[in-house]
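Engineer: This structure is in structure tokens; I'll ask about it shortly.
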């Protein structure tokens, strides 16, 4: 989000309060649809994609809803109205989007849009209607979604896709790059789709209308960078949507102000000397590199937590209480507590849909593997998943292994020191010293891990790691 977009969203919430209660949920859906087009980058390398990708997002969300409906349930009257309103909003964006600055570039020809929507939507609808085994069909859909994610997050595959798209639209092939296929919000949309599809398989998904499902998937404050809400909690707020009052205006506005200061003042200032590929090669001393590492650690925190504050604040103004995402993670005394408080909604998602299922699979094997081996493998699988979610390359793989091993070591340590920590209540001085030591150790473990996160290749990562300790100058 830009500052202008944040301001428009705030103004929109002030207008939203005057909408009759029975129309607010419709207005929120239509506003979210318009917002995901407006949030597209202003200078997309392949201009047709700034219209095509948010439209594909809507089609994916529609497909997710079709495959998560209860058996033999048809499309009701409200759902038909929702489809008509979606068509109206897209039509308005096509005809008025460029003039109203909703789209940064002209959309494709109207006939091409209609034909594409009919073909893709028809394929999704027929697949949901004709596949007899919905559970097996969901596994197929999950596989296709993960496959698409792999293509977008793997640089060689993304560049190959960009080359193909450039050949289709007649753009120079020599300029093809990952940014050509940068699908804004796809990672978070994927998390929400996987959440609802897996909960549908487990029989835990509440009955949702198309309007509710789409609003959950594309809710604009959390569309680009979270938090990742659970649908049952989100829908509970969506079904009430009280009018904006003074206390909520103060709470939401204050949260937005804090987020803006974090993201656009503190984080952007730290970025001037935070660790990156260029500054790492220019450092002359180990101390310089350590300062860069510290700066990047806090830049990342203020940037990400600042955006979360903005998203939560905007959500409050519209009556949606998005979950908290950051709770002083750098003041936690162990790596487990850190991950419970750093991007907490992502950690919770990974725990539900990676750690726990993976552990169950291993524990049901015959012969049963050792418990510690199960815990190690589950931690590695979880953190590697989170790492590769940021990008499919060796650096993020190592970052995931780094944290997976760290979580496992802490598990072994905590199992063997439980009695010691229980007795610390009788020795407050020692308890404070242990806490401070734990905070310092955890922070430096996390900060060193960011070296793999921020640098673009393994050689520079290893070189920087060595130089931090005075090796390789």
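Engineer: Against the condition surrounded by fewer than 15 Cβ atoms within 10 Å (Cβ to Cβ), assigned by TED's automatic domain parsing to the domain that holds residue 386, closer than 20 Å to residue 441 by Cα and touching a helix residue (DSSP H, G or I) at 6+ places or on another chain (Cβ under 7 Å), how does residue 363 come out, does it pass?
Structural biologist: no
Engineer: Moving to a separate point now. Out of 88, 94, 102, 114, I need the residue that is modelled with pLDDT under 70 and closer than 17 Å to residue 54 by Cα. Which one?
Structural biologist: Testing whether each residue is modelled with pLDDT under 70 and closer than 17 Å to residue 54 by Cα leaves just 102.
Engineer: Given (1) surrounded by 14 or more Cβ atoms within 10 Å (Cβ to Cβ); (2) part of a helix (DSSP H, G or I), identify the lone condition not met by residue 184.
Structural biologist: (2) is the only condition that residue 184 fails.
Engineer: Looking at residue 374, is it in a helix (DSSP H, G or I), without any contact (Cβ under 8 Å) to a residue 40 or more places away in the chain and surrounded by 14 or more Cβ atoms within 10 Å (Cβ to Cβ)?
Structural biologist: Yes; evaluated as a whole, the condition is true for this residue.
Engineer: Okay, moving on. Taking the range 228-254, which residues are surrounded by 16 or more Cβ atoms within 10 Å (Cβ to Cβ) and out of contact with any helix residue (DSSP H, G or I) (no Cβ under 8 Å at 6 or more places or on another chain)?
Structural biologist: Hit for the range 228-254 is 237, nothing else.
Engineer: If residue 205 satisfies every condition in (1) assigned to a helix (DSSP H, G or I); (2) modelled with pLDDT of 90 or more but one, which is the exception?
Structural biologist: (1)
Engineer: Which residues, taken from the range 353-364, are farther than 12 Å from residue 383 by Cβ, in a helix (DSSP H, G or I) and free of Cβ contacts under 8 Å to residues at least 40 places away in the same chain?
Structural biologist: Matches in the range 353-364: 356, 357, 359, 360, 361, 362, 363.
Engineer: Within the group 190, 163, which residue is surrounded by fewer than 18 Cβ atoms within 10 Å (Cβ to Cβ) and in a helix (DSSP H, G or I)? Walk me through it before giving the result.
Structural biologist: Details: 190 fails: surrounded by fewer than 18 Cβ atoms within 10 Å (Cβ to Cβ).
Answer to the selection: 163.
Engineer: So is residue 36 in contact with a helix residue (DSSP H, G or I) (Cβ under 6 Å, 6 or more places away or on another chain) and either more than 17 Å from residue 237 (Cβ to Cβ) or free of Cβ contacts under 8 Å to residues at least 40 places away in the same chain (or both) or not?
Structural biologist: Yes.
The values are calculated or read from the model by the stated rules, or taken from the named source; none is laboratory data. Keep in mind it's a predicted model, so treat the numbers as computed, not measured. As a convention, Cβ positions derive from the backbone with ideal geometry for all residues, glycine included, and neighbour counts pool all protein chains shown.
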